[in-house]
1. Alpha carbons only, please: Rg and Dmax for the chain, in angstrom.
2. Rg to Rh ratio, segment 131-177, alpha-carbon atoms and Kirkwood radius?
3. Among bridges DSSP assigns within segment 42-177, what percent are antiparallel (round to 5)?
4. How large is the convex hull of the C-alpha atoms of segment 3-101 per residue, in Å³?
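Please treat every number below as a calculation from the coordinates, not as lab data. Quick caveat: nothing in here was measured; it's all calculated off a predicted structure.
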């Protein structure tokens, strides 16, 4: 079974808990922390080890989460551990963020550039995207030197490729036809 199919009900449950008391940032922080933890090679081995009980796995993650996990968060971790679903935390977190963005009228946007962008440039991009998409924009920036120049913006299903690499690829396609 595909992991996103399995992850969806857990993400929905976490979302409903967060929605009940408007604790979206707390849940986001907890889920992101847990994602990093379960992707650590040492912990990954423990997740796959049948000699480690579900309770032990839950205790390890609750210990790592510290005060980031309130009682609801600890119960959520225990539920995932009991059902041996800790390995799908990245999919749970991703789906949770989609639900949160829909509820808050926001869209996760990725800006990939060949060089670092200034705060002023980020603000202009956010403002332009907000007008175009009519939603709040949550912008994550990353650098990819292979772009040569320009930028690629991904916002949901929308992809705007203004990179030099993308322009060269489009030119090559045009010339070959």
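1. For the chain, the Cα radius of gyration and maximum Cα-Cα distance read 19.9, 62 Å.
2. Using Cα coordinates only, the ratio equals 1.07.
3. 55 percent
4. So the per-residue Cα hull volume is 82 Å³.
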